[in-house]
Amino acid sequence: MFKKLFIPLGIVLAGTFVWRKIMLFKKLDFFIKNVKFDFSFISQSITILIGITNKTQEAGVVQGLDGKLYFVDLNENEIFIGTLKLSPNNVINILPYKTSFAEFIVDLKGIRTLQSIISIVTNKKGSVKFVGKVKALGITQSVETTYNLI
């Protein structure tokens, strides 16, 4: 008799748990908080600080974050900067009602990109755009966010 009661109750509890985790992932906000340029004779890179805001009471983990960075000038031209990827052995912990941050260093490659980045640094006009995918709780979703340099 108790088996008949525990099986439906277990299914309902498991379904509720999965539903709450899916809703957590759907309610995460991704944004770029800071873009810092690092130019030296040895290396040229951009340090990107990405924030993830959790507006729910659930906790979770982001297992994957990868995508491409573009510079968007004032004429809406997109210039490829580089790729951003969360290493496979790293995760980003998502805490309830908190904002978590992850720092990424993107190496710049290509003469055209370097010239564009130098133009960005000297003019401070335009924006940096991230287009990619995030994987959390076994779900993959597209992400697109922009950081204005002005």
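Quick note: the coordinates plus some simple rules give every number you see, no bench work behind them. Note that this is a predicted model, so its numbers are computed, not measured. When we count neighbours, we look across all protein chains shown, and the Cβ atoms used for this are built from the backbone with ideal geometry, even at glycine.
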request  = State, to one decimal in nm, how far the label point of Ser43 lies from the label point of Phe31, with both points 7 Å from Cα in the Cβ direction.
outcome  = 2.9
remark   = Straight-line reach check, Lys27, cutoff 13 Å on alpha carbons, 8 or more apart in-chain or any other chain, hits among aspartates and glutamates -> Glu58
ask   = Can you give the extra length, in nm with one decimal, that the chain gains between Ala59 and Asn93 once fully stretched, where that is 0.36 nm per residue apart less the Cα-Cα distance?
value = 11.5 nm
inquiry  = If the reach is capped at under 20 angstrom between alpha carbons, list the aspartates and glutamates near Lys133, excluding any in the same chain fewer than eight residues apart.
reply    = Asp29, Asp66, Glu78, Glu103, Asp107, Glu144
